[in-house]
1. Please tell me if A:Ala79 is part of a helix (DSSP H, G or I) and either closer than 17 Å to B:Leu279 by Cβ or in the same structural domain as A:Val289 (by TED's automatic domain parsing) (or both).
2. Any idea how many residues of the stretch B:252-294 are buried (at least 22 other Cβ atoms within 10 Å of the Cβ) and aromatic (Phe, Trp, Tyr)?
3. Within the stretch A:94-178, considering only helices (runs of 4 or more DSSP H) that don't extend past its boundaries, which have at least 1 residues that are over 30 Å from A:Val16 (Cβ atoms) and among the acidic types (Asp, Glu)?
4. Just one of (1) under 22 Å from A:Trp276 (Cβ atoms); (2) of a type in the set (Ser, Thr, Tyr); (3) free of Cβ contacts under 8 Å to residues at least 60 places away in the same chain; (4) assigned by TED's automatic domain parsing to the domain that holds B:Ala177 trips up B:Ser286, so point out which.
5. Within the stretch A:221-238, can one find any residue that is of a type outside the set (Lys, Arg) and within 14 Å of chain B (Cβ to nearest Cβ)?
6. Among what's in the stretch B:179-222 and is outside any helix (DSSP H, G or I) and of a type in the set (Val, Ile, Thr), pick the residue that is nearest to the chain's Cα centre (by Cα).
7. Just to be sure before I move on: is A:Leu274 closer than 21 Å to A:Ser67 by Cα, at pLDDT 95 or above and not aromatic (Phe, Trp, Tyr) in the structure I sent?
There are 2 protein chains.
Amino acid sequence: MSASTSSTLPLTRDSVLIAQRAVEPHVRRTPIFTSTSLSGSLPGKNTLYFKAENLQKGGAFKFRGASFSLSQLTRDELAKGVCTHSSGNHAGALALAARERGVKCYVVMPNDSSRPKIEAVRSYGAEITFCEPTANARAATLASVQAHTGATFIPPYDAVNTILGQGTALLELLDQAPEPLAAVIAPVGGGGLLAGTALASDGTHVRVFGAEPAGADDCAQGLKEGKRRDDVQASTIADGLRTPVGQLNFPIIQQKVEKVIVVSDEEIIAAMRLMWERLKLIVEPSGAVAFAAVRSPEFQALGIIGPIGIIISGGNIDLSKSLPWIDEMQ
Amino acid sequence: MSASTSSTLPLTRDSVLIAQRAVEPHVRRTPIFTSTSLSGSLPGKNTLYFKAENLQKGGAFKFRGASFSLSQLTRDELAKGVCTHSSGNHAGALALAARERGVKCYVVMPNDSSRPKIEAVRSYGAEITFCEPTANARAATLASVQAHTGATFIPPYDAVNTILGQGTALLELLDQAPEPLAAVIAPVGGGGLLAGTALASDGTHVRVFGAEPAGADDCAQGLKEGKRRDDVQASTIADGLRTPVGQLNFPIIQQKVEKVIVVSDEEIIAAMRLMWERLKLIVEPSGAVAFAAVRSPEFQALGIIGPIGIIISGGNIDLSKSLPWIDEMQ
């Protein structure tokens with residue numbers, strides 16, 4: 001199982017700028033939002049600029065990495081299609097980006113994936129192969145799909161082009177905000193978005209922070225111990241952030257991210273509800289983690305002066321289920 | 001109880017253009033959204049442009065009318081403050097617009113108003129006077145507030161400046177859409193938004209439609225009978241549209257609106273759910289009525305060719321309650 005090796009771009013801000021030019025015709029320039037009440041409700045009174053990647057095509061920032069990865073493939077590679085394994089936003093994003101370019105897409109999904117996720121990937125025209133919900137079965141099934149099709153594997157986070165593509169969200173945000181940002185914060189699961197954001201911030205004086213659920217805090221633990229952890233058992237409502245941080249991603253985060261703030265599921269749910277109520281945006285739990293971190297005493301104690309960018313990573317949530325704060329009350 | 005008479009603007013498109021210049025520094029230029037899947041799901045395949053007034057300040061288009069009404073007051077009037085009666089979005093919008101200008105705002109609310117609505121109005125700094133939930137008690141209480149304060153009454157829909165202000169949403173939409181619209185559709189309750197939209201469309205070749213819940217279809221009934229109805233008992237989930245259409249509003253709608261499409265609560269809930277899922281926007285039931293109408297066989301049978309603008313009127317919903325489609329399943 002090998003990822004595409006056609007790109008040799010270095011992991012730098014300049015490469016993110018190259019990615020931005022490549023994806024600009026394909027991605028949606030998502031709007032940014034401010035809220036006087038949300039900004040005013042926190043001790044720091046920083047103006048908060050929310051980058052609404054939940055409004056990105058496919059409902060998550062993942063479309064950026066998928067889009068850039070596709071743009072770097074050769075004509076021969078495109079003709080054979082692309083493949084990935086994912087039960088979440090990356091599969092949908094890749095399927096959609098591939099369909100827009102007329103490229104075949106194969107997705108390996110665990111057979112316990114939720115129906116809405118399966119339906120989304122299918123509605124974007126991807127061919128799904130189901131496997132047992134284990135890492136071994138997933139790898140074996142993907143290898144078999146690759147062997148049969150010759151499709152190029154587009155990894156969800158642990159790959160240069162994926163990271164560079166995700167970094168374009170911050171470039172847009174910096175361009176859209178009417179004033180220079182003092183800091184930006186992005187959630188970390190596999191670390192594609194956070195590593196890309198960190199690269200995109202190089203030389204801009206924007207301080208970069210990560211936000212991670214306490215129930216999947218392998219990145220924060222790894223930073224403390226100086227060594228990537230991939231053995232943390234994940235248990236959090238933020239289903240998009242359960243993955244351990246990637247091998248390429250971790251050292252970038254180690255070097256360039258000032259701190260990863262850890263928040264509880266209760267804090268995530270409270271932040272999510274506030275965002276639904278005040279921003280009028282459907283935000284999935286993972287998409288509320290960065291705002292939850294900004295609301296935390298730990299972040300507020302940093303005493304940052306000036307505007308703060310918050311990346312809302314996605315808005316894909318199963319709306320046939322009860323809202324999490326209503327579950328809590330019952 | 002008298003409304004402000006300081007404005008003598010005629011009910012024309014030029015007056016809406018004047019309103020637009022007046023409110024531009026105050027209102028949010030709300031984004032427009034398209035969705036390939038929503039546009040493609042309907043027989044007509046029209047490109048749908050959603051104007052997201054749920055993202056307006058205060059969570060509804062009402063901020064436009066309130067803002068323009070305030071801009072037309074004299075310094076003396078502003079010094080004495082403004083007042084209104086409302087259990088809904090107009091009260092919040094007026095309170096917020098007044099606070100931003102440092103103007104005192106008095107709101108008469110029925111004592112059975114929901115807690116979130118009371119809290120919203122209060123959080124915007126308005127002074128609330130509660131009354132019994134009857135039209136007589138409301139009028140008497142408002143008259144008493146006016147007598148004590150000298151505040152100017154800013155009506156929720158049945159007033160020139162309110163109508164002109166609401167019309168600015170369409171001007172923005174026409175400017176934002178990358179192609180000329182064939183038609184636009186807006187919900188009708190009191191008729192401020194629909195009448196303003198109709199005025200703003202004058203001379204543009206955009207066909208204007210209204211959308212009304214079957215449980216409060218006084219406007220559609222009135223159009224059929226050639227006479228305004230104010231005696232229809234309202235019963236619909238679209239709480240923002242239960243008001244009978246206003247005296248100033250009705251003749252404008254009669255002259256300039258091609259048709260008012262009536263939809264059931266089931267159609268409203270289905271449209272609302274689709275908008276939450278695909279647009280990732282929190283839309284209140286009233287805000288989904290125009291899209292529900294576009295999805296109806298009656299509208300599709302019109303065979304309109306070309307892009308259609310849909311005004312999402314608001315996004316204020318009590319999120320401590322179950323989602324309406326979940327209620328239905330239980």
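The values are calculated or read from the model by the stated rules, or taken from the named source; none is laboratory data. Remember, predicted model here, so these are calculated numbers, not experimental data. Reconstructed Cβ throughout: ideal geometry from the backbone, glycine too, with neighbour counts over all protein chains shown.
1. Details: part of a helix (DSSP H, G or I): yes; either closer than 17 Å to B:Leu279 by Cβ or in the same structural domain as A:Val289 (by TED's automatic domain parsing) (or both): no.
Spelling it out, it is not the case that A:Ala79 is part of a helix (DSSP H, G or I) and either closer than 17 Å to B:Leu279 by Cβ or in the same structural domain as A:Val289 (by TED's automatic domain parsing) (or both).
2. 1
3. Details: elements: A:115-123, A:135-149, A:160-166, A:168-176.
Here the list reads A:115-123.
4. Result: B:Ser286 passes all but (3).
5. The first filter runs over the stretch A:221-238 and keeps only residues of a type outside the set (Lys, Arg), leaving A:221-223, A:225-226, A:230-238.
Filter again for within 14 Å of chain B (Cβ to nearest Cβ), leaving none.
Checked against the condition, which is being of a type outside the set (Lys, Arg) and within 14 Å of chain B (Cβ to nearest Cβ), the stretch A:221-238 yields no hits at all.
6. Initial filter on the stretch B:179-222 (outside any helix (DSSP H, G or I)): B:179-191, B:202-213, B:217.
Going one step further and asking which of them are of a type in the set (Val, Ile, Thr), we end up with B:184-185, B:188, B:204, B:206, B:208.
Details: B:Val184: 14, B:Ile185: 12, B:Val188: 7, B:Thr204: 22, B:Val206: 19, B:Val208: 15 Å.
Ranking the qualifying residues of the stretch B:179-222, first place goes to B:Val188.
7. no
For every residue, the table says whether it meets (1) of a type in the set (Lys, Arg); (2) surrounded by fewer than 24 Cβ atoms within 10 Å (Cβ to Cβ); (3) at negative phi.
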| site | (1), (2), (3) |
| --- | --- |
| B:Asp14 | no, yes, yes |
| B:His26 | no, yes, yes |
| B:Ala60 | no, no, yes |
| B:Phe68 | no, no, yes |
| B:Ser87 | no, yes, yes |
| B:Leu94 | no, no, yes |
| B:Arg101 | yes, yes, yes |
